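Structure, as structure tokens:
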Amino acid sequence: MDFQHESYIVLDLPSPVKEKIYDIRNYHKDTLRASLPVEITVAGSSGVGVIEPGQDKELVFNIIKNISMKTSPILASFKDVLRFPGTDLFVFTLKDEERFRLLHEEITKSGIKFKPNRFPYKPHCTLRSRTPISDKEVEEIMGTKLSDEFILDTISIYMVDKIPLNRLYTVKLSGK
């Protein structure tokens, strides 16, 4: 069986920070975002596109499993809110992007095929994408802060075929 719908490779955010992001999404009445997993995409939204259809799922899962066995959990925290230029997409950036960039690079060079993407890789967690947005709402979301530190230790592959999304695969980061 292969990938028949758009599929992304992500790091799942843990509780309680996950619930805090859901609270922000719900506060901003973004029902679509509130129905999606809280995660940081490492392949599929920037840098490279979604997983190219036609690849064997088990082969991709084994590649991700091997990468996860060499990757230690990532201590992370959010920095500022960023509005992607020309959009109503608001995201939390990360204080230290290095580990995310290294993981993204390892996945993109792993032999998994991805569709092209014109945007450079920018690790982030999406807060809001609902449009339109008022000036007051922009000011409010741009001032959002979340100082929690959290450990990302789970990598998953989600397929966009229905809501809630179908989690195809998940594995713990277990490297030293």
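The values are calculated or read from the model by the stated rules, or taken from the named source; none is laboratory data. Note that this is a predicted model, so its numbers are computed, not measured. Accessible surface areas use protein heavy atoms only, side chains included; no ligands, DNA or RNA. Shrake-Rupley method; radii C 1.70, N 1.55, O 1.52, S 1.80 Å.
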Result for the chain: accessible area per residue, probe 1.4 angstrom, in square angstrom, of 53
Summing -39500 (n - 2.57) over every DSSP H run of at least 4 in the chain, dividing by its residue total and rounding to the nearest 500, the 222 nm mean residue ellipticity is -8000 deg cm²/dmol
In order over region 75-90: 3J(HN,Hα) from phi, Karplus 6.51/-1.76/1.60, θ = phi - 60°, whole Hz, x for each Gly or Pro, gives 7, 9, 7, 7, 10, 9, 7, 10, 9, 5, x, x, 9, 10, 9, 10
In whole µm²/s, the translational diffusion coefficient that Stokes-Einstein assigns to the chain, given a Kirkwood hydrodynamic radius over C-alpha pairs, 10 °C and 1.306 mPa s, equals 95
Largest fluctuation, 96, 88, 135 only, Gaussian network model of the chain with Cα springs under 10 angstrom, belongs to 135
Per the C-alpha gyration tensor (a ≥ b ≥ c, the square roots of its eigenvalues), region 60-153 is rounded if a/c is under 1.5, else prolate if a/b beats b/c, else oblate; here it's oblate
Note: region 57-115, point scatterers on Cα, Debye, no solvent; log10 I/I(0) at q = 0.12, 0.15 Å⁻¹ equals -0.43, -0.63
Taking placed amide H atoms and a strict 5 Å upper bound, the residues 5 or more places from residue 154 or on another chain that come that close are 12, 173
Heavy-atom accessible area of the chain with neighbours in place, 1.4 angstrom probe: carbon+sulfur share in percent works out to 53
From the cross-link list 18/122; 70/115; 70/122; 145/176; 20/136, the entries with a Cα-Cα span beyond 29 Å are 145/176
